[in-house]
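Have a look at the structure below, then the notes.
The values are calculated or read from the model by the stated rules, or taken from the named source; none is laboratory data. Note that the coordinates shown come from a computational prediction; the quantities given were computed from them, not determined experimentally. Note that we place each Cβ from the backbone using ideal geometry, even for glycine, and neighbour counts take in every protein chain shown. Accessible surface areas use protein heavy atoms only, side chains included; no ligands, DNA or RNA. Shrake-Rupley method; radii C 1.70, N 1.55, O 1.52, S 1.80 Å.
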Amino acid sequence: MAKKGKDENKLEAWILKWFYSTAVICTYDATFCVFRPYTLPDGPLHAPWYPYRIYMKVDQRYKDTNDSFSFTVSLLNYVEVILNIITIVLHYRNNRYTKILAYTVCVLTFWKTVLYLLMYLELAGGKDFRRGNTPLQEFFVVLIPNGLWIVVPAACIYYLWKDLSGKTRSVENKDDGNDTPLEGGRGYDLRKRK
């Protein structure tokens with residue numbers, strides 16, 4: 001439910017935790033892709049990315065240093081991380097733009113992940129990066145982890161949309177016939193009244 005009073009611009013704890021965790025994980029993932037071949041197995045920087053030995057066997061796009069798509073998605077991950085950090089800072093400042101930025105970031109994250117998974121499918125030319133995989137491997141190693149980046153942002157989008165649209169409705173329902181200051185002294189409602 002929407003918060004009232006001094007904390008009305010702050011995110012719910014679960015959404016804030018998502019922003020923290022996704023900032024860390026996306027930085028880790030993007031850095032692996034951007035610094036290939038040094039982060040690949042037998043590369044001098046591979047030690048922190050040891051778990052990628054398993055992931056690369058199933059999502060073979062990760063081991064292809066000539067694949068510009070995974071590199072580009074990694075650059076988008078860095079943009080996502082920067083926006084996550086800005087959202088977290090706005091949250092602690094109780095800024096009125098916190099929730100709209102959080103909503104926007106979640107929409108971007110959702111569609112970036114959908115695009116990545118679509119590129120993984122044979123329909124979009126992903127068959128070259130799936131050779132030798134079993135359906136079970138793809139389900140547990142690719143679809144579940146990436147699906148998390150669809151399900152959680154979708155839940156955030158749903159929750160934040162309800163919160164943001166509720167605020168819009170409360171402003172629209174004020175009909176005193178005058179141009180009155182909006183709540184919190186954030187400007188004036190100058191729309192024509194019926």
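Do we have residue 34 as modelled with pLDDT under 95 and under 27 Å from residue 127 (Cβ atoms) here?
no
Quick one: which of 72, 109, 39, 31 is of a type in the set (S, T, N, Q), assigned to a helix (DSSP H, G or I), surrounded by 13 or more Cβ atoms within 10 Å (Cβ to Cβ) and out of contact with any Asp or Glu (no Cβ under 8 Å at 6 or more places or on another chain)?
31
Under 9 Å by Cβ, and 6 or more places apart or on different chains, what pairs join a residue from segment 92-119 that is under 15 Å from residue 19 (Cβ atoms) with one that is at pLDDT 95 or above and of a type in the set (Gly, Ala, Ser)?
Taking only residues 6 or more apart or on different chains, the pairs are 106/154; 106/155; 110/154.
For segment 55-69, give me each residue that is within 25 Å of residue 20 (Cβ to Cβ) and surrounded by fewer than 18 Cβ atoms within 10 Å (Cβ to Cβ).
55
Would you pick out the residues in segment 112-125 that are exposed (fewer than 14 other Cβ atoms within 10 Å of the Cβ) and among the hydrophobic types (A, V, I, L, M, F, W, C)?
Hits for segment 112-125 are 118, 121, 123, 124.
I'm checking my understanding of the structure. Among residues of segment 127-153 that are part of a loop (DSSP other than H, G, I, E, B) and of a type outside the set (Lys, Arg), which one is least open to solvent (accessible area, probe 1.4 Å)? So that I can check it myself, show each step before the final result.
Kept after step one, since they are part of a loop (DSSP other than H, G, I, E, B), are these residues of segment 127-153: 130-134.
After this cut, where a residue has to be of a type outside the set (Lys, Arg) as well, the list is 132-134.
Numbers: 132: 78, 133: 31, 134: 63 Å².
Out of the qualifying residues, it is 133.
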